[in-house]
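Chemist: Structure in structure tokens, see below.
The values are calculated or read from the model by the stated rules, or taken from the named source; none is laboratory data. Fair warning: this is a prediction, and the values are worked out from it, not measured in the lab. In this analysis, Cβ positions are derived from the backbone assuming ideal geometry, glycine residues included, and neighbour counts consider all displayed protein chains.
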Amino acid sequence: MTDPVIEARNLAYAYPDGTAAVSELDVSIGAGERVAILGPNGAGKSTLLLLLGGLLDPDTGTVRFFGEDQPADDVRERIGVLTQDPGEYLFNPTVREDVEYGPSQFDLPKEAVDERVSALAERFGLTHLLDRPPFRLSGGEQRRAALASVLSFDPEVLLLDEPLSNVDGANRAELLDLLDDLVDDGVTLVVSTPDADLVPAVADRVILLDREGEIAADGPTREVLTDVASLRRVGLSVPTVVDLFDRLGVDDPPITIDEAAEKLDDR
């Protein structure tokens with residue numbers, strides 16, 4: 001693993017009613033990694049993401065950022081967090097003002113802010129939507145606009161909570177392509193999801209959580225997704241392709257449709 005950009009030790013957090021969300025977790029995210037936090041509903045995925053992003057303070061344990069003991073506020077512009085609700089990031093009268101909001105907080109010259117907004121709008125297919133109220137956007141457009149607003153301050157690490165929920169097929173493909181581009185640009189990506197079928201498209205490594213908010217597995221995507229017994233034990237659906245080939249008794253099942261096609265061609 002490369003040098004960690006986020007490192008948590010003995011991390012624990014409980015909800016106000018005393019229910020444990022995460023329990024004494026050790027998590028390390030290396031620079032440039034693509035990591036999925038996978039688990040059933042109620043496993044504490046969203047809470048863990050907020051803890052790793054410094055938006056929640058743990059009850060016990062520590063989180064270090066970029067190899068140093070420093071307050072989360074000191075690295076706020078280096079870590080972007082996008083929660084499940086894009087509306088939390090789209091609160092201005094227009095999309096343009098939402099995307100401008102982040103860089104304007106860092107005293108950048110107006111010309112620099114305008115250039116950044118234009119570049120993000122072009123990259124995310126938002127140029128024709130910049131003067132539109134966010135509430136008039138489709139679900140996929142709102143996701144793209146919210147992601148652009150988070151990226152407007154050019155973070156090195158991006159933490160996304162179920163970024164493709166309620167997104168249709170075309171917008172889903174576009175968002176996945178955008179995430180690939182970000183990783184190619186060197187952004188560290190952490191995605192939380194209950195959807196094991198999504199994981200191969202967004203992650204090379206999986207942190208699997210059980211319903212008690214504990215780590216059931218942490219390893220390469222293929223290794224975790226083909227461990228059918230562990231996935232079922234924590235209450236997750238096995239990826240469709242893996243489940244099919246597992247039922248057929250195939251060793252080393254594929255984890256994507258493309259891999260499945262290749263395996264069938266070879267038979």
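Chemist: How many residues are in contact with a Pro (Cβ under 7 Å, 6 or more places away or on another chain), in a helix (DSSP H, G or I) and more than 24 Å from Glu24 (Cα to Cα) when one looks only at the range 216-267?
Modeler: 6
Chemist: I'd like to know if the range 165-188 contains one or more residues that are over 20 Å from Tyr89 (Cα atoms) and buried (at least 22 other Cβ atoms within 10 Å of the Cβ).
Modeler: Taking every residue of the range 165-188 in turn, at least one turns out to be over 20 Å from Tyr89 (Cα atoms) and buried (at least 22 other Cβ atoms within 10 Å of the Cβ).
Chemist: Next question. Of everything in the range 85-116 that's outside any helix (DSSP H, G or I) and surrounded by 15 or more Cβ atoms within 10 Å (Cβ to Cβ), which residue is nearest to the chain's Cα centre (by Cα)?
Modeler: Among residues in the range 85-116 that are outside any helix (DSSP H, G or I) and surrounded by 15 or more Cβ atoms within 10 Å (Cβ to Cβ), the one nearest to the chain's Cα centre (by Cα) is Tyr89.
Chemist: Sticking with this structure for a sec: Got at least one residue in the range 28-38 being β-branched (Val, Ile, Thr), out of contact with any helix residue (DSSP H, G or I) (no Cβ under 9 Å at 6 or more places or on another chain) and over 21 Å from Ser230 (Cβ atoms)?
Modeler: No: zero hits.
Chemist: Scan the range 119-138 for residues that are over 16 Å from Leu178 (Cα atoms), surrounded by fewer than 20 Cβ atoms within 10 Å (Cβ to Cβ) and of a type outside the set (D, E, K, R) and jot them down.
Modeler: Once the filter is applied, which keeps residues that are over 16 Å from Leu178 (Cα atoms), surrounded by fewer than 20 Cβ atoms within 10 Å (Cβ to Cβ) and of a type outside the set (D, E, K, R), the range 119-138 yields His128, Leu130, Pro133, Phe135, Leu137, Ser138.
Chemist: Restricting attention to the range 203-215, which residues are buried (at least 23 other Cβ atoms within 10 Å of the Cβ) and either part of a loop (DSSP other than H, G, I, E, B) or out of contact with any Leu (no Cβ under 6 Å at 6 or more places or on another chain) (or both)?
Modeler: Ala203, Ile207, Leu209, Gly213
Chemist: Only one of Leu231, Leu225, Leu236, Leu176 is under 19 Å from Glu162 (Cα atoms) and either of a type outside the set (A, V, I, L, M) or under 12 Å from the mean Cα position of the chain (by Cα) (or both). Can you tell me which?
Modeler: Details: Leu231 fails: either of a type outside the set (A, V, I, L, M) or under 12 Å from the mean Cα position of the chain (by Cα) (or both); Leu225 fails: either of a type outside the set (A, V, I, L, M) or under 12 Å from the mean Cα position of the chain (by Cα) (or both); Leu236 fails: either of a type outside the set (A, V, I, L, M) or under 12 Å from the mean Cα position of the chain (by Cα) (or both).
Of the residues listed, the single one that is under 19 Å from Glu162 (Cα atoms) and either of a type outside the set (A, V, I, L, M) or under 12 Å from the mean Cα position of the chain (by Cα) (or both) is Leu176.
Chemist: List the residue pairs whose Cβ atoms are under 9 Å apart, where the first residue sits in the range 232-259 and is farther than 17 Å from Ala201 by Cα, the second is of a type in the set (Ser, Thr, Tyr) and loosely packed, with under 15 Cβ neighbours inside 10 Å, and the two are 6 or more positions apart or on different chains.
Modeler: If the second residue must be of a type in the set (Ser, Thr, Tyr) and loosely packed, with under 15 Cβ neighbours inside 10 Å, the pairs left are Asp243/Ser237.
Chemist: Can you confirm whether the range 126-144 contains a residue that is touching a strand residue (DSSP E or B) at 6+ places or on another chain (Cβ under 7 Å), in contact (Cβ under 8 Å) with a residue 24 or more places away in the chain, within 29 Å of Val206 (Cβ to Cβ) and not hydroxyl-bearing (Ser, Thr, Tyr)?
Modeler: no
Chemist: Name every residue in the range 169-199 that is in a helix (DSSP H, G or I), modelled with pLDDT of 95 or more and among the small types (Gly, Ala, Ser), in order of residue number.
Modeler: none
Chemist: Continuing with the same structure: Would you please list the contacts, defined by Cβ atoms under 6 Å and residues six or more apart or on different chains, that run from a residue in the range 10-32 that is small (Gly, Ala, Ser) to a residue that is surrounded by fewer than 17 Cβ atoms within 10 Å (Cβ to Cβ) and not in a strand (DSSP E or B)?
Modeler: Ala12/Asp59; Ala14/Asp59; Ala21/Tyr15; Gly30/Met1; Gly30/Thr2; Ala31/Thr2; Ala31/Asp3; Gly32/Thr2
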